[in-house]
Amino acid sequence: MKIALIGYGKMGRMIERIALDRGHEIVCKIDVDNLQDFDSPEFASADVAIEFTNPTAAFDNYLRAFKHNVKVVSGSTGWMKDHRAEVEEMTREGRQTLFWASNFSIGVAIFAAVNKYLAKIMNGFPQYDVAMEETHHIHKLDAPSGTAITLADDVVANIDRKGSWKLGTTVWDDGRTEGSTDHRDDELPINCIRHDEVPGIHTISYDSEADKISITHDAHSRKGFALGAVLAAEYTKDHTGLLTTDDLFAF
């Protein structure tokens, strides 16, 4: 398979290594200093482009790829609020193809399935209140993480007593604490920690007077995310439309 990389930072380089190890070819690498290569014959030859950039650039990158009918796998977050309807229209009936996930880790996909199932169970036990905590490295400026938002949306969708999630506190290594723990009873609070070089930890807890039930996913490195992105690209090559990890992993 021919792969183009959009974004060539730490994640892009790790994806490159895994893709090459799995026998794929990297035909084009695009970063902020060579955006003109979107219009190159090398980029147009790609079966799939894997995009890991930032929320402000992602949507424009999709448009540049779709211009050449190149399928896209993307882990960038934050674009859905403003551009979801446009992407859904462009990918309708397979006219263009985007595989999007807030997190490509196989472990997170399993964790998300467990999270949904547990939320369905806990819907029947109102004595338990639910909260979430996520921890990431200090270079991650957005809070909560895209993964936390996806997990929180799944909790809210399956627990009648929760109508939405709310960002709580964000604690930084330099001693700063931003935000507040205040929230309504029908809100799921997400508290965030920005610490050292942590790849990502997500914990969902159900607490009652009698006991507490918690589930946690703790990433040891970014390698799991990179492998998942390549697996998604392999799937995307032979599928069309707006795809997600629910399509890739049939739990």
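The values are calculated or read from the model by the stated rules, or taken from the named source; none is laboratory data. Since the model is a prediction, treat every value here as computed from it, not as a measurement. Ideal geometry is used to build each Cβ from the backbone, glycine not excepted, and the neighbour counts take in all protein chains shown. Surface areas here come from the heavy atoms of the whole protein model, side chains and all, with no ligands, DNA or RNA. Shrake-Rupley method; radii C 1.70, N 1.55, O 1.52, S 1.80 Å.
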Rounded to the nearest 500, what is the chain's calculated 222 nm mean residue ellipticity when only DSSP H runs of at least 4 contribute -39500 (n - 2.57) each, over all residues? -11000 deg cm²/dmol
Degrees between helix 80-91 axis and first principal axis of the chain (Cα, 0 to 90, nearest 10): 50 degrees
For a label point 7 angstrom out from the Cα of residue 17 toward its Cβ, which stretches of the stretch 195-233 have the backbone nitrogen within less than 18 Å? 197-200, 219-231
Would you mind putting 83-92, 172-181 in packing order, based on average other-beta-carbon counts within 10 Å, highest first? 83-92, 172-181
Hey, can you find the accessible area per residue of the chain for me, probe 1.4 Å, expressed in square angstrom? 50 Å²
Structure-derived Cα extents along the principal axes in Å - corresponding label in [x] 59, 57, 31; [y] 63, 43, 33; [z] 53, 42, 34: [y]
Tell me which of 204, 28, 250 sits at the most positive position along the dipole axis of the chain, charges placed on C-beta atoms (Lys, Arg +1; Asp, Glu -1). 28
Which number gives the lysine pairs in the chain that have C-alpha atoms under 15 Å apart and are eight or more places apart or on different chains? 9
Going toward the positive end of the dipole of the stretch 1-70, with +1 on Lys and Arg Cβ and -1 on Asp and Glu Cβ, which of 40, 9, 61 do you reach last? 9
Once you have the Cα-Cα distance between residue 86 and residue 176, take 0.36 nm times their residue separation minus that, and quote the gain in nm to one decimal. 28.6 nm
Taking the mean number of other Cβ atoms within 10 Å as a proxy for protection, how do you rank 148-155, 232-239, 186-193 from highest to lowest? 148-155, 186-193, 232-239
Can you compute the charge dipole magnitude of the stretch 18-90 about its Cα centre, using +1 on each Lys and Arg Cβ and -1 on each Asp and Glu Cβ, nothing else charged? Give it in debye, rounded to the nearest 20. 160 debye
Extension gain from residue 250 to residue 184, taking 0.36 nm per residue of separation minus the Cα-Cα distance: 20.3 nm
Phi to ³J(HN,Hα) by Karplus 6.51 cos²θ - 1.76 cosθ + 1.60 over the stretch 35-47, Hz, x for Gly, Pro: 4, 4, 6, 4, 9, 8, x, 5, 5, 5, 7, 5, 6
Largest first, how would 32, 198 line up by accessible area (1.4 Å probe)? 32, 198
Accessible carbon and sulfur surface of the chain relative to its total accessible area, %, 1.4 Å: 51 percent
Magnitude of the Cβ-charge dipole of the stretch 104-200, K/R +1 and D/E -1, about the Cα centre, nearest 20 debye? 320 debye
Helix 106-122 versus the longest principal axis of the chain: what angle, 0 to 90°, nearest 10, using Cα atoms? 30 degrees
By the Cα gyration tensor axes a ≥ b ≥ c (a/c under 1.5 gives rounded; else a/b larger than b/c gives prolate, otherwise oblate), the shape of the stretch 30-104 is oblate
Summing +1 per Lys or Arg and -1 per Asp or Glu among the other residues with Cβ less than 14 Å from residue 104's Cβ gives -2
Length gain on complete extension for the stretch residue 110 to residue 207, per 0.36 nm per residue less the alpha carbon to alpha carbon distance? 32.7 nm
